[in-house]
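Since every read-out is calculated from the coordinates, none of them should be taken as a lab result. Since the model is a prediction, treat every value here as computed from it, not as a measurement. As a convention, Cβ positions derive from the backbone with ideal geometry for all residues, glycine included, and neighbour counts pool all protein chains shown.
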Amino acid sequence: MQAADERAPGRPRTPRCFLWTRQPPLASLKVGRRRVRARREAGPKRFGSGRPLMKRRAFLDGLIAAAGGILAAFVLYPILRYLVPPKAPEAATRRVVAAKKDEVRPGSFKIFPFGGEPGILIRTADGQYRAFTAVCTHLGCTVQFRAGERVIWCACHNGRYDLDGRNVSGPPPRPLERYDVHVIGDEVVVQKAAGA
Amino acid sequence: MSVRDWLRARLGLESVEHLIEKKRVPVHRHTFWYYWGGMTLFLFGVQVATGILLVLYYRPSADEAYESVRFLMTQVSFGWLIRSIHSWSANLMIGAAMIHMFSTFLLKSYRRPREVTWLSGMALFVLCLAFGFSGYLLPWNQLAFFATKVGTDIMAGVPLAGPFLARLLRGGDQITGGTLTRFFGFHVAVLPLFMTAVLGVHLFLVQWHGMSVPAGVEARAEATREMRFVPDFLLRDIVGWLAALGALALLAALFPWELGLKADPYAPAPAGIKPEWYFGWMFQTLRMLPSRVLGMEGEVLGIVGFGLAGIVWTIVPFLDAPSGRGPRARLWSALGALALLYVIVFTLLVYLGRPPR
């Protein structure tokens, strides 16, 4: 189509290609009036190489597309930033009062909040306190204490930990992090182990 | 076979393409008013988009609503921008809808066969007002609380069904957290459902009948000039939409929507309290009515008056002359102009006039 146009002499040539057109290969070799006419007929301004730059129409199309793209970026950027939730204030909790002294009877347990996550405070049959994170290392369910079997058990996938927090059966890959427990006055205070 | 052909064969794109190619917009001295429906639609789109974003952080309970909006405004990146644009766009949208409605009225575009288009448009307008009213309460601040109190009290003044309606709206006898939850439900579920359905009908009818040409223009038998909807009219539409988007960004940046104080049911109403501007003319009317008129309570009279006026306004296609010409048509044009004047003057009075007492 385009080639046919270029060869037809005498007719003002309208470049068909969207972005640019190629000069007929021989036109740039011709000299004198033919070359001038070839240039004139080629329509849009060319620089140097004989390859015309864009037509004005194509340039404007490009300009509009670019402006639209920039506008879209201006609209989308705030939206994307908005979708990312702001960072919650860093949970710098290292120490909490988990329970009152006589709240947890021997052979039972309590889930308490520890920085935005649950912790588990266990009182063994002999009255000792132990505390761990209550977040199962497998898929994050909250664990519980089973006094009869003397294990910490996760109901979701039957994971078991012993009373030192070691993963002893089921899918959990790692032990539970253990916390220090101190009884201060009538409060049971749980804190992260030194160095943790 | 190109993707385009593949889709064309399966989605019936030809008929859509045909429709797009065929659609024409008449060009005459009133063509300007054709842009306002599209403008309203654009601003509605902005409302949908920003509304969806707001729901991601908003919590509809009396304990958390105010705090969640405050969190949104202060902690979330660009939260202030999204909320301010939502509030400003709501106001501009109702403004655009009003311009669209009054121009449609005064150009008598509701004449046969477009009566149902007018009715659906009125339904959309009422839905817009309901959106505005229900959305206003959601931040659970002082102004919102008392605006809702007054608004639902007015509803209670409706003869016969009033008290029932007010209870239905409030979800009880008082404005409580229950009201907030209820309004949230209206705002994000019930109203959008109706809006989508009625808007679909409205837009379909506009395509079905084509643009209305005012009787005066038709009679003068001006050579009916037209422009293609795509791309000629649409591109002009887009220029307007870009301007609106720019205006929204400017308004949101210069005048971010305030949050105010948290609602306290046991605090007195703050001084200078007034409703959103689009309810202002009704508010001003009620404020200026004496307490007893002709043996009726002033407020009840006002409410009944608004109701009747609204009904007449809605059924005007059936009252006006179908030809759009003659004395009857001129009477209705005059009434429309009068209504417009009344609304403008009474809206301005809210902001310029000194309140009585």
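Volume per residue for the protein assembly as shown equals 310 cubic angstrom (convex hull of Cα atoms).
Please state the shape class of the range A:45-174: rounded when a/c is under 1.5, otherwise prolate if a/b exceeds b/c and oblate if not, all from the C-alpha gyration tensor. The shape class here is prolate.
Starting from 0 in steps of 5 Å, tell me what percent of the Cα-Cα pairs of the range B:159-317 lands in each bin. For the range B:159-317, the pair-distance distribution reads 1, 6, 6, 10, 15, 16, 14, 12, 9, 6, 4, 2, 0, 0. For residue A:159, the residues whose modelled amide H falls within less than 5 Å of its own, excluding neighbours fewer than 5 places apart on the same chain, are A:154. What the Cβ-Cβ distance of residue B:300 and residue B:325 gives, at R0 = 41 Å and to the nearest 0.05, is a FRET efficiency of 0.55. 3J(HN,Hα) along the range B:270-281, derived from phi through the Karplus expression 6.51 cos²θ - 1.76 cosθ + 1.60 where θ = phi - 60°, amounts to x, 5, x, 6, 8, x, 4, 4, 6, 9, x, 5 Hz, with x in place of Gly and Pro. Other protein chain C-beta atoms within 10 Å of residue C-beta, averaged over B:71-83: 3. Inter-chain Cβ neighbour count for A:62-72, averaged per residue, equals 1 (cutoff 10 Å, partner chain atoms only).
Amide hydrogen proximity for residue A:108: with H placed 1.01 Å from N in the peptide plane, the residues at 5 or more positions away or on another chain lying under 5 Å are A:123. Couplings 3J(HN,Hα) for the range B:231-238, derived from phi with the Karplus relation 6.51 cos²θ - 1.76 cosθ + 1.60 (θ = phi - 60°), are x, 4, 6, 4, 5, 5, 3, 5 Hz, where x marks Gly and Pro.
Estimate the FRET efficiency between residue B:255 and residue B:32 by the formula 1/(1 + (r/R0)^6), using the beta-carbon distance for r and 22 Å for R0, to the nearest 0.05.
0.20
Of the residues B:33, B:54, B:11, the one whose Cα sits farthest towards the positive end of the charge dipole of the range B:1-75 is B:33 (charges of +1 on Lys and Arg Cβ, -1 on Asp and Glu Cβ, taken about the Cα centre).
Each of B:176, B:152, B:196 has some number of other Cβ atoms within 10 Å of its Cβ, and from fewest to most they run B:196, B:176, B:152. Between residue A:111 and residue B:243, the simple spin-label model (points 7 angstrom out along Cα→Cβ) gives 5.9 nm. Across the alpha-carbon set of the range B:47-126, the Rg to Rh ratio works out to 1.20, Rh being the Kirkwood radius.
Across peptide A:76-87, the average count of Cβ atoms from other chains found within 10 Å of a residue's Cβ is 5.
Looking at the range A:101-196, the GluC sites (Glu not before Pro) that sit in a DSSP loop and have at most 11 other Cβ atoms within 10 Å of their own Cβ are A:149. For a paramagnetic label modelled at 7 Å from the Cα of residue A:168 toward its Cβ, which residues of the range A:127-149 fall within the zone defined by backbone nitrogen distances under 13 Å? Under cut-off, by backbone N: A:146-149. Per-residue 3J(HN,Hα) values for the range B:47-56, derived from phi via the Karplus relation 6.51 cos²θ - 1.76 cosθ + 1.60 with θ = phi - 60°, read 5, 4, 5, 5, x, 4, 5, 5, 4, 5 Hz in sequence order (x marks Gly and Pro). Once the Cα-Cα distance is subtracted from the 0.36 nm per residue extended length, the residue B:21 to residue B:49 segment shows a gain of 7.2 nm. The share of alpha-carbon pairs in the range A:68-128 lying farther apart than 14 Å comes to 70%.
Residues whose amide H falls under 5 Å from that of residue A:179, counting only those 5 or more places apart or on a different chain, are A:131, A:132, A:133, with hydrogens built in the peptide plane. Computed from the Kirkwood radius of its Cα pairs, the Stokes-Einstein diffusion coefficient for chain B at 10 °C and 1.306 mPa s stands at 70 µm²/s.
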